[in-house]
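J.: If you scroll down you'll find the structure; I have some questions about it.
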Amino acid sequence: MASTTLVTGGTGTLGRLVVPRLHDAGHGVRVLSRHPRQGGDDVEFVTGDLATGEGIQAAVEGTEIIVHLAGSSKGDEDKARHLVRAASRAGTRHLVYISVVGVDRIPVVSGVDRTMFGYFGSKLAAERVVADSGLPWTTLRATQFHDLVLMVAQQMARLPVIPAAAGFRFQPVDAGEVADRLVQLALGTPAGLVPDMAGPQVHEMTTLIRGYLQAHRKRRPILPVRLPGRAARAFRAGANLAPDRAVGRRTWEQFLAARLSSPSDSSVVTR
Ligand SMILES: NC(=O)c1ccc[n+]([C@@H]2O[C@H](COP(=O)([O-])OP(=O)(O)OC[C@H]3O[C@@H](n4cnc5c(N)ncnc54)[C@H](OP(=O)(O)O)[C@@H]3O)[C@@H](O)[C@H]2O)c1
């Protein structure tokens, strides 16, 4: 094994795809989780909470590279701060961060913006923590993963009428392809903010939901809802898209078809 790489968020949708790829590349892998887990031959688990900083110093000790994927709807800047503090003490030689396309173009200024789009403000603040850390760093911004679109569609399809943000478009990307890119970046030299990674096609939100409904032979009326605020306006203008960076290959339709044929095993379709 070349060296040990810490993957925060290694238990999440993206992280579960990054961990085996790092291992296949010959890296020892340590995964941080808030919950105690049994490790195996391939992966060591450590327990810690980035929101409080508890357990983080021990988690980073002895690792040269950190792939920071842990995230939630709130407070990612605080998580980044705790990680950076520990990583600086440990002398980490490369910090790789995953962010979201458009964080610099989606203004989160009013209470309405913060309530609905606070996540984007928090990701931008976390990016700045990484960039200002003094550590060698690389940040990749990706568009929404197919898995996220699927989860939203599943939740919405439970409703008798589906409210869909009017004018919103998405360019979903395959999480497995993002994992490939992150591993390539982690094994390379620190590169700062690298070009965005977006899926192959831009879709209206309503088209994505209809695709899901059709695939599951469901019928639901879709009700367009105009969201207020500057962040929503930026979304309608396509701030979350990167059409000139449509480097992802797997389409939403291909993802859905694969998921339908093997619903319980995400690794079948993404590795
Ligand atoms: N989903 C998307 O469409 C998308 C698009 C672009 C970028 N991203 C970014 O990609 C990253 C991964 O997204 P995902 O969809 O894979 O996330 P996810 O499935 O929701 O997983 C979140 C991960 O974060 C960890 N985590 C959350 N809070 C933590 C805390 N306080 N301390 C330590 N670990 C914590 C969780 O670990 P435990 O539960 O085991 O503690 C889990 O492994 C996030 O940073 C997200 O912002 C996501």
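We did not get these values from a lab; they are worked out from the coordinates using the rules stated. Predicted model, so just to flag it, every value in this text is computed and none were measured. Methodologically, a virtual Cβ is constructed for each residue, glycine included, from the backbone with ideal geometry; neighbour enumeration extends over all protein chains shown.
J.: Nothing charged except the Cβ atoms of Lys and Arg (+1) and of Asp and Glu (-1): what's the magnitude of the dipole of the chain about its Cα centre? Round to the nearest 20 debye.
T.: For this selection, approximately 1140 debye.
J.: Oh, and also: From Cα coordinates alone, what are the radius of gyration and Dmax values for the chain in angstrom?
T.: According to the Cα coordinates of the chain, Rg and Dmax are 18.8, 55 Å.
J.: Divide by every residue of the chain the summed helix terms, -39500 (n - 2.57) for each DSSP H run of at least 4, and state the resulting mean residue ellipticity at 222 nm, rounded to the nearest 500 deg cm²/dmol.
T.: Mean residue ellipticity at 222 nm (helix-derived): -12000 deg cm²/dmol.
J.: Same structure, new question: Which whole-percent values make up P(r) of the range 90-183 when all C-alpha to C-alpha distances are grouped in 10 Å steps starting at zero?
T.: That works out to 13, 36, 34, 13, 3, 0, in percent per bin.
J.: Across 5 Å bins from 0, what is the distribution of all Cα-Cα pair distances for the range 118-271, in whole percents?
T.: With 5 Å bins starting at 0, P(r) equals 2, 9, 15, 19, 19, 16, 11, 6, 3, 1, 0.
J.: Report, in degrees rounded to the nearest 10, the 0 to 90 angle that the Cα long axis of helix 205-215 makes with the longest principal axis of the chain.
T.: Orientation of helix 205-215: about 80 degrees from the principal axis.
J.: Near K123, which lysines are there with a Cα under 25 Å away, not counting those fewer than 8 places off in the same chain?
T.: Hits, sequence-local ones excluded: K74, K79.
J.: Moving on to the next point. What angle do you read, to the nearest 10 degrees and between 0 and 90, between the alpha-carbon axis of helix 175-187 and the longest principal axis of the chain?
T.: Helix 175-187 sits roughly 30 degrees off the main axis of the chain.
J.: Looking at the chain, send over the antiparallel percent of its DSSP beta bridges, to the nearest 5.
T.: 5 percent
J.: Taking the Cα atoms only, what angle lies between the long axis of helix 252-261 and the longest principal axis of the chain, rounded to 10 degrees?
T.: 80 degrees
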